[in-house]
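Heads up, the thing below is written out as structure tokens.
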Amino acid sequence: MTQNTESKTTSKVKIENNGLFVRGVPVSTTARYGRKKDGSGSFVIITTELATQPGLILWEQFLDPSQRTDIQVKDGNVTAFPKPKEYEPMTLKANRVKMRGDTLVLSSAELVAS
């Protein structure tokens with residue numbers, strides 16, 4: 001028995017044979033600011049809601065505003081942050097997933113194609 005290690009091409013997106021892939025349409029994006037408990041810095045959580053065929057999926061990105069120039073924080077509020085183009089399909093490879101109630105949450109994912 002041989003193992004097929006070739007990549008498949010679907011809708012002009014190169015997808016590897018293994019992993020959990022999510023294809024959806026971003027409908028909204030929000031950002032929240034937080035400080036680390038030990039006082040060593042801050043973080044921003046960018047939450048994107050993806051509409052998929054069976055329902056809604058949340059993609060959470062945990063980013064450090066001190067290392068990113070496209071994130072601006074003023075008085076504890078996020079004023080500017082990177083957003084995906086709304087209503088344009090995107091494909092994500094999920095690295096870490098969890099369920100929050102009835103909603104699937106991608107806490108670690110990488111953008112494969114948009």
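The values are calculated or read from the model by the stated rules, or taken from the named source; none is laboratory data. Small disclaimer: the values here were computed from a predicted structure and weren't measured. So basically every Cβ, Gly included, is an ideal-geometry build from the backbone, and we count neighbours across all protein chains shown.
Taking Glu110, is it free of Cβ contacts under 8 Å to residues at least 40 places away in the same chain, part of a strand (DSSP E or B) and among the acidic types (Asp, Glu)?
So Glu110 fits the description; yes.
Which one is surrounded by the most Cβ atoms within 10 Å (Cβ to Cβ) among residues in region 31-77 that are more than 24 Å from Val97 (Cα to Cα) and hydroxyl-bearing (Ser, Thr, Tyr)?
Going through the qualifying residues, I end up with Ser66.
Report whether or not Arg96 is of a type in the set (Lys, Arg) and exposed (fewer than 12 other Cβ atoms within 10 Å of the Cβ).
So Arg96 passes the test.
Looking at this structure, is Thr91 of a type in the set (Ser, Thr, Tyr) and surrounded by fewer than 16 Cβ atoms within 10 Å (Cβ to Cβ)?
Spelling it out, it is not the case that Thr91 is of a type in the set (Ser, Thr, Tyr) and surrounded by fewer than 16 Cβ atoms within 10 Å (Cβ to Cβ).
Quick one: what pairs do we get from region 41-54, first residue in contact (Cβ under 8 Å) with a residue 24 or more places away in the chain and within 14 Å of Asp70 (Cα to Cα), second hydrophobic (A, V, I, L, M, F, W, C) and assigned to a strand (DSSP E or B), C-beta under 6 Å, 6+ apart or different chains?
Val44/Ala31; Val44/Leu63; Val44/Val78; Ile46/Ala31
Would you mention how many residues in region 79-91 are among the aliphatic types (A, V, I, L, M) and touching a Ser or Thr at 6+ places or on another chain (Cβ under 9 Å)?
Residues of region 79-91 that are among the aliphatic types (A, V, I, L, M), as a first pass: 80, 90.
Retained after the next criterion (residues that are touching a Ser or Thr at 6+ places or on another chain (Cβ under 9 Å)): 90.
The qualifying residues number 1.
Confirm whether Thr9 is on the phi < 0 side of the Ramachandran plot, at pLDDT 95 or above and in a strand (DSSP E or B).
No, not satisfied.
Quick grid of which residues meet (1) of a type in the set (A, V, I, L, M, F, W, C); (2) outside any strand (DSSP E or B):
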position: Val44; (1), (2): yes, no
position: Thr48; (1), (2): no, no
position: Pro54; (1), (2): no, yes
position: Trp59; (1), (2): yes, no
position: Phe62; (1), (2): yes, no
position: Pro65; (1), (2): no, yes
position: Thr69; (1), (2): no, yes
position: Val73; (1), (2): yes, no
position: Val78; (1), (2): yes, no
